[in-house]
Amino acid sequence: MKVPTPNTVNKPGDPMSQPTCPPAQIVADTIIRTVELGVRITDAALAGETTVLWCDLLTDGPGACPGCGLTGIYRDSTERRVSDVPVVGHPLQLRVRVPRYRCVHGDCAREIFAHDSTRLARPGASTTRRCAEYVLRRLAIDKATVAAVARELGRSWDTVNSVAVAATEQLLRSAGPARLDGVRVIGVDEHKWAHVFGADGDGFVTVITDLTDVVAGHGRARLLDLVPGRSAAALKTWLDARDPAFRDGSGSWRWTVLAATRTPPPTRCPMRSR
């Protein structure tokens, strides 16, 4: 991938013109904003509808062993493949060369380790961090379907769905107990996250939302939590884990007891059924 330098014509006596185009690598890194991910583009190709970028991980030197903290000795490199946000309407895959090192500490349990690439993506994730944010934005704000986002990323429905669940859970954890402040009315629904035959469990989760502002007529619903399963016991377990002040303040404890008999009073805790 090369960026041509504009042709310029100098008149006699004019000062020598200076190059106006930076190296192609800098142009590509700027357009794709790979600096946000801690990688640098080294090559590119098209694979059908997918744009593939080969990248090097940006490092400040050899990595430190996660086991003992000592700086390792370079051994080799491995390629980490992750999906990134689409570019001009096409899926984008990054193939990042990640250095691997040998631990020099004789008593350390880790013999070989890879350089830290968590700025690029979470451990074990198949999408970049900003791709997970993109998925949530498309689903929650743009109201796109999981299938539509899967087509945009060139990934399966289940992969995108798993990314959305993990990103949502991360948001809930970062919000902490404060997300329950002011909750007076909760709504409960069920959703099937896993659509793969043979997956562990039945694939359903109980979705718990804050309907306080909805019932009051001046706001929208707000996600509070996701609980595995779809039985009354799943909801009761969630409520039991909340502190008494929350249960007493929202009236949810009385509703939980009735939920076990499948007769929740709609005036206290509206429940949208499928």
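The values are calculated or read from the model by the stated rules, or taken from the named source; none is laboratory data. All figures in this text were calculated on a predicted structure; none of them were measured in a lab. Note: ideal-geometry Cβ built from the backbone for every residue, glycine included; neighbour counts use all protein chains shown. These area figures cover heavy atoms from the full protein model, side chains too; ligands, DNA and RNA do not enter into them. Shrake-Rupley method; radii C 1.70, N 1.55, O 1.52, S 1.80 Å.
If you take the residues in segment 124-176 that are acidic (Asp, Glu) and free of Cβ contacts under 8 Å to residues at least 60 places away in the same chain, which one is most open to solvent (accessible area, probe 1.4 Å)? If you could, list the steps in order and put the result at the bottom.
In the first step, residues of segment 124-176 are kept if they are acidic (Asp, Glu); the result is 133, 142, 152, 158, 169.
After this cut, where a residue has to be free of Cβ contacts under 8 Å to residues at least 60 places away in the same chain as well, the list is 133, 142, 158, 169.
Values: 133: 115, 142: 81, 158: 48, 169: 73 Å².
In this case the residue turns out to be 133.
Of all residues in segment 90-123, those satisfying the criterion of being open to solvent by less than 70 Å² (accessible area, probe 1.4 Å), of a type outside the set (A, V, I, L, M) and touching a residue at least 40 places away in the same chain (Cβ under 8 Å) are 90, 91, 93, 95, 99, 108, 113, 115, 117.
State whether the residues of segment 43-53 include one that is in a loop (DSSP other than H, G, I, E, B) and either under 25 Å from residue 122 (Cβ atoms) or at pLDDT 90 or above (or both). Yes, that holds for at least one residue. Whether a residue is at pLDDT below 80, among the β-branched types (Val, Ile, Thr) and open to solvent by less than 40 Å² (accessible area, probe 1.4 Å) was assessed, and residue 183 passes this test. Out of all the residues in segment 54-78, which are in contact with a Gly (Cβ under 8 Å, 6 or more places away or on another chain) and either at pLDDT 95 or above or open to solvent by 50 Å² or more (accessible area, probe 1.4 Å) (or both)? Selection gives 58, 62, 64, 71.
Could you grab the pairs with beta carbons closer than 8 Å, sequence gap of 6+ or different chains, first residue in segment 46-64 and more than 30 Å from residue 103 (Cα to Cα) and acidic (Asp, Glu), second one open to solvent by 30 Å² or more (accessible area, probe 1.4 Å) and in a strand (DSSP E or B)? Hits for this filter: 49/90. With respect to the conditions (1) of a type outside the set (A, V, I, L, M, F, W, C); (2) open to solvent by 80 Å² or more (accessible area, probe 1.4 Å); (3) in contact with a strand residue (DSSP E or B) (Cβ under 9 Å, 6 or more places away or on another chain); (4) over 20 Å from residue 37 (Cβ atoms), residue 81 lacks only one, and its number is (4).
Please determine, by comparing only the residues of segment 1-42 that are at pLDDT 60 or above and of a type in the set (Asp, Glu), which one is surrounded by the fewest Cβ atoms within 10 Å (Cβ to Cβ). Only one residue fits best here, namely 36.
Just checking: which of the helices (runs of 4 or more DSSP H) contained wholly in segment 216-268 hold 2 or more residues that are at pLDDT below 75?
Because the criterion is at least 2 residues that are at pLDDT below 75, the helices (runs of 4 or more DSSP H) in segment 216-268 that meet it are 244-250, 252-259.
The set of residues from segment 93-121 being touching a Gly at 6+ places or on another chain (Cβ under 8 Å), part of a strand (DSSP E or B) and of a type in the set (A, V, I, L, M) comprises just one member, 114.
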